[in-house]
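> Below is the structure I would like to discuss, written out as structure tokens.
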Amino acid sequence: MTNSYIFITGATSGFGEATARLYAQNGFDLILTGRRKERLQILADDLVSKHSVKVEILTFDVRDFATCEASITSLNQSVLSNISVLVNNAGLAVGRNTIDDGLLEDWDRMIDTNLKGLLNVSKCIIPYMKSNKIGHIINIGSIAGKEVYPEGNVYCASKHAVNAISQAMRIDLLKYNIRVGHIAPGAAETEFSLVRFKGDESKAKAVYNGFTPLQAQDIAETIYFMTSRPSHVNINDLVIMPTAQASSQIFHK
Ligand code: NDP
Ligand code: 8X3
């Protein structure tokens, strides 16, 4: 895995940013993506100055295949052919409504980002891993991809799809020596709830009241652990929860 690039989607906050920081601390070069260019630039400058790694930033919306492809193929061939790990992390929940009250635009955002976005980016990167006959893809699912909870309907469906696609990728990419891992985290305090509740800070904060949630660093360390196993080892699927959370709906507060 050394002297190679780690490609991380959704690096402007939360899990993606923490993961970028951890790989940089360990000397890896990075390709960081997200829509908020200024945040990516600040992060890249910080990592380059602290750790002397190379950092490429790409600003694009994972929902649009043409933009993904144009952005990714703008990288130098020497960078593209040297990607060892793809972390498909960009994603979001929008709204919490019963199925009959769901908003079409929220459904589109979740399905297009969480499922189609992951497919779009993977389609652009897999050919380079295939020709190298080595690579590792980590897909960030959720406990919402293992269970379904009230008013979580479409988010849960999108993460169940990430779980299924991860299994399908593992089968289809087996012959190219490309490892595929899936991580299903429980509640973690990032910008996730702020996005879900459309900027309502008090609703977002209330999600984490009364218990200690996971931190972004916990997921970064999990991703790093999975991708630093010896080449004959693949961790297929990993559920990681706060100690105070037994299932998507059962908390000890
Ligand atoms: P954050 O909101 O902190 O980060 C989400 C990241 O996704 C941001 O960097 C954002 O970047 C990026 N993103 C969102 N939409 C798009 C888009 N259309 N195109 C490109 N990038 C996009 O949340 P988390 O770090 O918590 O979430 C990361 C992943 O973890 C998500 O897939 C989420 O579903 C999953 N997850 C989160 C859990 C939690 O409790 N926090 C638990 C289980 C799973 P930008 O806005 O700059 O584009
Ligand atoms: C985020 C965790 O429980 O809000 O995927 O779905 S949850």
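The values are calculated or read from the model by the stated rules, or taken from the named source; none is laboratory data. Everything quoted here is computed from the prediction, not taken from an experiment. Glycine also receives a Cβ, built like all others from the backbone with ideal geometry; neighbour counts cover every protein chain displayed. Note: accessible area is taken over every heavy atom of the protein model, side chains too, but ligands, DNA and RNA are not part of it. Shrake-Rupley method; radii C 1.70, N 1.55, O 1.52, S 1.80 Å.
> Can you tell me which residue within the stretch 191-206, out of those that are near ligand 1 (Cβ under 10 Å from one of its atoms) and open to solvent by 50 Å² or more (accessible area, probe 1.4 Å), is farthest from the chain's Cα centre (by Cα)?
The selected residue is LEU194.
> Okay, moving on. Does LYS159 satisfy the condition of being open to solvent by 60 Å² or more (accessible area, probe 1.4 Å) and either farther than 19 Å from GLN245 by Cβ or modelled with pLDDT of 95 or more (or both)?
No: the conditions fail for LYS159.
> Now, a different point. Do we find a residue being within 12 Å of ligand 1 (Cβ to nearest atom), under 22 Å from ALA11 (Cα atoms) and crowded, with 18+ Cβ neighbours inside 10 Å anywhere in the stretch 175-183?
Initially, the stretch 175-183 is screened for residues within 12 Å of ligand 1 (Cβ to nearest atom), giving 182-183.
Among the residues that remain, those that are also under 22 Å from ALA11 (Cα atoms) are: 182-183.
Subset that is crowded, with 18+ Cβ neighbours inside 10 Å: 182-183.
Yes, the stretch 175-183 has at least one match.
> List the number of the failed condition for PRO150; all other conditions in (1) open to solvent by 60 Å² or more (accessible area, probe 1.4 Å); (2) part of a helix (DSSP H, G or I); (3) touching a residue at least 12 places away in the same chain (Cβ under 8 Å); (4) not β-branched (Val, Ile, Thr) hold.
Going through the list (1) open to solvent by 60 Å² or more (accessible area, probe 1.4 Å); (2) part of a helix (DSSP H, G or I); (3) touching a residue at least 12 places away in the same chain (Cβ under 8 Å); (4) not β-branched (Val, Ile, Thr), PRO150 breaks only (2).
> Still on this structure: Condition first: open to solvent by 50 Å² or more (accessible area, probe 1.4 Å), among the charged types (D, E, K, R), in contact with a helix residue (DSSP H, G or I) (Cβ under 7 Å, 6 or more places away or on another chain) and under 20 Å from SER81 (Cα atoms). Can you find one or more residues in the stretch 118-130 that meet it?
Within the stretch 118-130 (the criterion being open to solvent by 50 Å² or more (accessible area, probe 1.4 Å), among the charged types (D, E, K, R), in contact with a helix residue (DSSP H, G or I) (Cβ under 7 Å, 6 or more places away or on another chain) and under 20 Å from SER81 (Cα atoms)), the answer is yes, since at least one residue qualifies.
> Take the residues of the stretch 1-33 that are within 23 Å of GLU189 (Cα to Cα), away from ligand 2 (no atom under 16 Å from the Cβ) and open to solvent by 10 Å² or more (accessible area, probe 1.4 Å): which is farthest from the chain's Cα centre (by Cα)?
GLN25
> Turning to a different aspect of this structure: Scan the stretch 221-233 and give yes if some residue there is of a type in the set (Val, Ile, Thr), under 23 Å from ARG21 (Cα atoms), more than 14 Å from ligand 1 (Cβ to nearest atom) and open to solvent by less than 80 Å² (accessible area, probe 1.4 Å), otherwise no. Steps first, answer last, please.
Our first condition is that a residue be of a type in the set (Val, Ile, Thr); within the stretch 221-233, this holds for 222-223, 227, 233.
Among the residues that remain, those that are also under 23 Å from ARG21 (Cα atoms) are: 222-223, 227.
When the remaining residues are screened for being more than 14 Å from ligand 1 (Cβ to nearest atom), the result is 227.
Subset that is open to solvent by less than 80 Å² (accessible area, probe 1.4 Å): 227.
Scanning the stretch 221-233 turns up at least one residue that is of a type in the set (Val, Ile, Thr), under 23 Å from ARG21 (Cα atoms), more than 14 Å from ligand 1 (Cβ to nearest atom) and open to solvent by less than 80 Å² (accessible area, probe 1.4 Å).
> Now, a different point. Given the structure, is ALA187 modelled with pLDDT of 95 or more, open to solvent by less than 40 Å² (accessible area, probe 1.4 Å) and more than 27 Å from HIS232 (Cα to Cα)?
yes
> Turning to a different aspect of this structure: Mind listing just one residue for me: the one in the stretch 130-147 that is assigned to a strand (DSSP E or B) and within 15 Å of ligand 2 (Cβ to nearest atom) and, of those, nearest to the chain's Cα centre (by Cα)?
It comes out as ILE140.
> Do we have any residue at all in the stretch 131-138 that's open to solvent by 50 Å² or more (accessible area, probe 1.4 Å) and among the polar types (S, T, N, Q)?
Step one: filter the stretch 131-138 for residues open to solvent by 50 Å² or more (accessible area, probe 1.4 Å), giving 131-134.
Narrowing further to those that are among the polar types (S, T, N, Q): 131-132.
Within the stretch 131-138, one or more residues are open to solvent by 50 Å² or more (accessible area, probe 1.4 Å) and among the polar types (S, T, N, Q).
> Of all residues in the stretch 175-209, how many are in contact with a strand residue (DSSP E or B) (Cβ under 8 Å, 6 or more places away or on another chain), more than 15 Å from ligand 2 (Cβ to nearest atom) and not in a helix (DSSP H, G or I)?
Here the count works out to 5.
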